[in-house]
Amino acid sequence: MADFTLRQLAHFVAIAEEGSIAGAAARQHFSPSALAASLDDLEKAVGARLCQRRKAHGIVLTADGELALAMARDLLSRAVEFGDRLAAPDGQLAGAMTVGCYRTLAPTVLPTLLEGFGAVHPQVRLDFVEGGGDELQEMLASGRIDAAILYDRDVSGDFDAVELYRIRPHVLLPSTHPMAGRRSVRLARLADEPFILLDLPPSTQNTMAIFDRVGVSPQVRHRTTSYELTRALVGRGLGYTVLVQRTRTDRTYDGHEVRICEISPEMPAIRVMLLRRHGSDNAKAQALADFATDHVEAFSPLGG
């Protein structure tokens, strides 16, 4: 059996993720020479070259290194789970856990999830990261996060998934707009008006696909990567927008009112999903999925 340690695996993962021994040394609070020696010892123990070291240019993983990285992350995750389960009082879940959330979903989903899950599982240190769909899925597949919450249209990998709720794209208008009192509106009626684009891939492509579906070309006046700035610009009467995520308030940050109108004809519903690694036996991730599905009405903008 290969004689390596969990610490050597952790050093190797840090080196691979940072792309250099120096970067990993700063992250791990070790000297570069100590990490280089740790990598040497690991390669000797497994009998394979895991990376090519390029002076002043960092490291590049070999084919064996790519395989070893995935397995090392899994072993480290299982080691943490092993310790957490044994140390937990009276069989309670315990230890650290990280959930990733799509940026525009985070403000409405994460606060309630963090508060509620923390109350049920007080021994679990639940943390979070925000990101785009592709970024979160890569982090989940690599083991850097334990679960991810995002729209189904962004899911491209092989994950265990549960649906939290469904929501449809809508038009957001300033409260002073002539059509603001309507329940629904056709995008063609707004085609000549300035459009505020939430330019946050893949939201950009998905929004434009909605217009393509009805044969309308929006007159893009402003682009922003901020969900709340998009709402604020609409509130000021600078244009309209199309969004998916909904808030429970009709006021913007600067106090102006906006109105939601459904799109006519009705757009297909988009599902908000919670993903876990396929086949994972991570008890904390399973508990998070169970809690989220049981309490979806608490963080769904539609109340369930």
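Structure above, values below:
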quantity	calculated
Nearest-0.05 FRET efficiency for T224 and A79, computed from C-beta distance (R0 30 Å)	0.10
Summed residue charge, Cβ within 14 Å of L67's Cβ, Lys/Arg positive, Asp/Glu negative	-2
Other-chain or far-sequence residues with amide H under 5 Å of C101's (modelled H)	V129, E130, G131, I149
By average C-beta atoms within 10 angstrom, highest first, the peptides 192-202, 14-24	14-24, 192-202
Net +/- balance of residues flanking S175 in space, Cβ distance below 13 Å, scoring K and R +1, D and E -1	+3
Sorted by Cβ density within 10 Å, fewest first, the residues T249, T224, T207	T249, T224, T207
Karplus 3J(HN,Hα) series, Hz, for region 5-11 with 6.51 cos²θ - 1.76 cosθ + 1.60 (x for Gly, Pro)	10, 5, 5, 4, 5, 5, 5
Inter-label distance for E138 and L238, nm, one decimal - labels placed 7 Å from Cα along Cα-to-Cβ	3.1 nm
Options (i) 19.5; (ii) 21.9; (iii) 18.8 - which one matches Kirkwood radius over Cα pairs in Å as calculated here	(ii)
Estimated vicinal HN-Hα couplings, Hz - region 106-118 in sequence order (Karplus 6.51, -1.76, 1.60; Gly, Pro = x)	3, x, 9, 9, 5, x, 5, 5, 5, 5, x, 5, x
Over region 6-75, relative contact order from alpha-carbon pairs under 8 Å, at least 6 apart, %	32 percent
Label-point separation, Q52 to R183 (7 Å along Cα→Cβ), nm	6.4 nm
Computed lengthening from Y253 to E193, 0.36 nm per intervening residue step minus Cα-Cα distance	19.3 nm
Charged-residue dipole, Cβ positions (Lys, Arg, Asp, Glu), the chain about Cα centre, Debye nearest 20	900 debye
Net charge, L35 excluded, C-beta distance under 13 Å - Lys, Arg +1, Asp, Glu -1	-2
T225 long-range amide H proximity, modeled H, under 5 Å	D199
Relative contact order (percent, whole number), region 169-264, Cα cutoff 8 Å, 6+ residue spacing	49 percent
Sites matching trypsin sites (Lys or Arg not before Pro) across region 129-175 that sit in DSSP coil, with at most 16 neighbouring C-beta atoms within 10 Å	R144
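Just so you know, all these numbers are worked out from the coordinates, no wet-lab data involved. Bear in mind the structure is a predicted one, so any value in this text is a computation, not a measurement. Note that each Cβ is placed from the backbone with ideal geometry, even for glycine, and that neighbours are counted across all protein chains shown.
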